[in-house]
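The structure appears below as structure tokens.
The values are calculated or read from the model by the stated rules, or taken from the named source; none is laboratory data. These numbers were taken from a predicted model, which means no experiment stands behind them. Note: areas computed on protein heavy atoms with side chains; ligands, DNA, RNA excluded. Shrake-Rupley method; radii C 1.70, N 1.55, O 1.52, S 1.80 Å.
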Amino acid sequence: MRFLKTPVLLTVAAATTAATAFVASPATAAAECEITDVPTTVVIGTGTTLNSLVPTTDCPEGSPVEFSFTAGWPEGVPYNWQGDSASMVTYVGAARPLHREDGQYPFEIRPVAGNIAAGQPFRASWSAFVDTGRENWKDGEPTLDHEGTLTALRATQFTAVSASATTVAAGEQVTFEPTVQRADWDTRSWKTFDAGWTAYDIQFRAEGADGWTTVKEKTGGFVELYVNPETSGDYRLKYRGDVVSAPSYSEPIGITVS
């Protein structure tokens, strides 16, 4: 295995004792396993943000599966460390990569790359294996490989949402006005941006309910964000994100229908 240096994308945390990142099946069935899905995006704020790199397999439930992940820096995006690739693993044995037993790895975009890195696909590969208990790591166990990409998105957050009223008659209009910020990787700060031309969902949760339902969508333009409640409950806004920005949710606002 080639041990690659960590690029500007990553903040390397203290190494932890490697164990199993996820559980799959008895080792006897592992030879037929495949990686069926992998994370395709990571969301990064103004500093270090943990993201899961755990792949999904179709292995029968029960045997321990370890994995390694390697990312390649996109062409044309600057970096200021010696290597243009990074490797992370869940098992002890590799000298250079970052070990994390839970599959959650710290990501950070440094100002030398900055916002230009947002939305850029990183070359990414996963190599998993079923730990059959052999003395040496990755020593002939069945392996599961996957090639793909990983895209870094700028984190977003709602800092405020105002409602025109919180107690209304049935069918009366309630208008919401949000303030949304996005992580600026150039300055390592949060900046309010004009999300008026972007897409929102308005979601509703009735009193006593657990789940949220999208009751209205807004795509672009200067159309107001409003609902006409018929029953009491909580409303929240979802900023859907875009090609460089991650989705986010506002805090709930209770609306009482009198």
Exercise. Just the number, please: carbon plus sulfur as a percent of the accessible area of the range 169-258, 1.4 Å probe, no ligands or DNA/RNA counted.
Key: 48
Practice problem: Starting from the alpha-carbon convex hull of the range 150-258, give the projected area averaged over all orientations, in nm². | Solution: 7.5
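Just round it to a whole percent: the fraction of Cα-Cα distances in the range 30-70 exceeding 16 Å.
On the way: 387 of 820 pairs.
Counting every Cα pair in the range 30-70, those more than 16 Å apart make up 47 percent.
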